[in-house]
Amino acid sequence: MEDCISSDEDYYDSDRESLHGLENEDSEIQWIPKSSATKVITKECLLAAQKEDMRRVMDMLSLREYHARTLLIHYRWDVENLFAVLVEKGRHHLFATSGVTMIENQSISSSEPSSMVMCDICMEEVHGNDATRVDCGHCFCNNCWTEHFIVKINEGQSRRIRCMAHKCNAICDEAVVRNLVSKRHPDLANKFDRFLLESYIEDNKRVKWCPSTPHCGNAIRVEDDEFCEVECSCGLQFCFSCLSEAHSPCSCLMWELWIKKCRDESETVNWMTVHTKPCPKCHKPVEKNGGCNLVSCICGQAFCWLCGGATGREHTWSSISGHSCGRYKEESAQKAERAKRDLYRYMHYHNRYKAHTDSCKLESKLKESIQEKISISEERESMLRDFSWVNNGLHRLFRSRRVLSYSYPFAFYMFGDELFKDEMTEEEREIKQHLFEDQQQQLEANVEKLSKFLEEPFDQYAKDKVMEIRMQVINLSVITDTLCKKMYDCIENDLLGSLELGIHNIAPYKSKGIEKALELSACWNSKTNTTIDKYLPSDCSTSGGLSERDRLSGLNSDENGCSSRKRARADVVTGNFFDLNLPAEVVDRN
């Protein structure tokens, strides 16, 4: 462990220079945050966000809007994957697999208004004005089309309604669907429009609804890595992958198992196996509360605690017939011993997880008391006017305590037999466990030191004492941040990275805390235009391209786009998490 961390003094000495930016603040510095890697999509700008991706496909392939939507729905709104298929397999394969037919819509009513058409569905001749031909060339009467569309919409297949012709995979023009259905069921046509709009979220792996309760109505879109933790504009922080609370460094599977283990009665059963025995008559668990091995159940049945057999004529303390109280039964003894060991192991990790979670909740109350201390200190006649180090240290404490609490569920499964029994030998498991626990222990020690100094009544101390606490808080903030980074690197590279099954991914560590999603730029553009009253404009599927208004509210390419690396770290000030190296004036302004 000497290569990981030598001592606290080494950190104190090596980080002196990094504190220079906090002590020598320049009021002229103008700090400009970079674009966030996560975006908030509100209900009002969902259409603009959808058009953003459709515009890219329309411009690339010179398509009409509904053709672009059909392609994107088929490829689950993954524009990069769609373009990759186009380059690799060509335009014809792209359209054929997606159900897009590039034959111009020929309306029977406009070309042959006086002719009669035979409908192959109802086998009746109808007037040309009462029949519709779709892009694939098939023509049926409007009544059959309408019934077909109604059934598909009610079945939840609005996003990809196929042609009625046998073995025809062409997707019907959404304008035709909307026009025919609205004549008979206007509400159902609105439902169809809503399904098309919400497909951008329901079918998109990079866009998910915020799991807030009650629902805030927002959706979150990530730009690069779906294994991340985000904060919605409503304030909820959650894991984007599994939509549960933010839980790194636990993987989603580990956290799901841990929550289930904490909620169900599995540990209660383990405790009952260790400390109770079933009554041979009513089979209810009985706990022994005395020294005598002759116990009685509440049902009145007496039985032997040693073997569990009912006492009576054949089993008395002077004569035992058919019982083997003194004989060792290896199988039952091993089962009880294993249940006892598993229970104690679970209690060890759960108690520490619960202790740090409770500490985090209690320390959240520090914010109000610290603000009062800062106000009192600023009113005093003192040369020390900057107390941003207190807020910075407090947020570093919250972040580090959160990492520490979730590291115990991770350790429970990482070094147990439930998930990785066949992935590591006992010797490898022991080495990796010692490596992780050493880092965990050092982080725990420094987090407790930081908590102790932040709770000091610095508003009552002299200037020299306050300066001493200031240096300790700043140093410990840097140390805990470095230790958190090292723990995440150890988990990703040394522990999870060496496994054959790469199903355990964790969200990357971010020093500034969980990134707060910003509103999509297309949403800001759409707000400058007329408010969208309907989900989709009536001419959105019949036009050859976007109108000028749509172009303004559509795709506004992300010129400040994020890095494509999977573990790129955002450099923005998010929420209430501050950069320790920023001047106090900049922190206060943001």
### Query
Residues in the range 136-153: is at least one touching a His at 6+ places or on another chain (Cβ under 9 Å), within 26 Å of His185 (Cβ to Cβ) and either modelled with pLDDT under 90 or open to solvent by 80 Å² or more (accessible area, probe 1.4 Å) (or both)?
no
### Query
If you scan the range 180-219, which residues turn out to be small (Gly, Ala, Ser) and in a helix (DSSP H, G or I)?
Ser182, Ala189, Ser199
### Task
Look at Leu394 and say whether it is at pLDDT 85 or above and crowded, with 17+ Cβ neighbours inside 10 Å.
yes
### Message
Looking for something open to solvent by less than 10 Å² (accessible area, probe 1.4 Å) and more than 29 Å from Glu515 (Cβ to Cβ) - is there at least one such residue anywhere in the range 353-376?
### Response
no
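Kindly indicate which of Asp417, Asp386 is farther than 29 Å from Glu229 by Cα and of a type outside the set (S, T, N, Q).
Numbers: Asp417 fails: farther than 29 Å from Glu229 by Cα.
Exactly one of Asp417, Asp386 is farther than 29 Å from Glu229 by Cα and of a type outside the set (S, T, N, Q), namely Asp386.
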### Message
Take Glu231 and tell me if it is acidic (Asp, Glu) and surrounded by 21 or more Cβ atoms within 10 Å (Cβ to Cβ).
### Response
yes
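Among the residues of the range 176-187, how many are touching a residue at least 24 places away in the same chain (Cβ under 8 Å) and surrounded by fewer than 19 Cβ atoms within 10 Å (Cβ to Cβ)? I'd like the intermediate steps shown before the answer.
Filtering the range 176-187 for residues touching a residue at least 24 places away in the same chain (Cβ under 8 Å) gives 176-178, 180-181, 183-185.
Subsequent filtering for residues that are surrounded by fewer than 19 Cβ atoms within 10 Å (Cβ to Cβ) retains 183-185.
Counting residues in the range 176-187 that are touching a residue at least 24 places away in the same chain (Cβ under 8 Å) and surrounded by fewer than 19 Cβ atoms within 10 Å (Cβ to Cβ) gives 3.
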### Message
Just checking, does the range 474-488 include any residue being surrounded by fewer than 18 Cβ atoms within 10 Å (Cβ to Cβ) and not in a helix (DSSP H, G or I)?
### Response
no
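The values are calculated or read from the model by the stated rules, or taken from the named source; none is laboratory data. Keep in mind it's a predicted model, so treat the numbers as computed, not measured. A quick note on method: Cβ atoms are made from the backbone with ideal geometry, for glycine too, and the neighbour counts reach across all protein chains shown. The accessibility values were calculated without ligands, DNA or RNA, using every heavy atom of the protein model including side chains. Shrake-Rupley method; radii C 1.70, N 1.55, O 1.52, S 1.80 Å.
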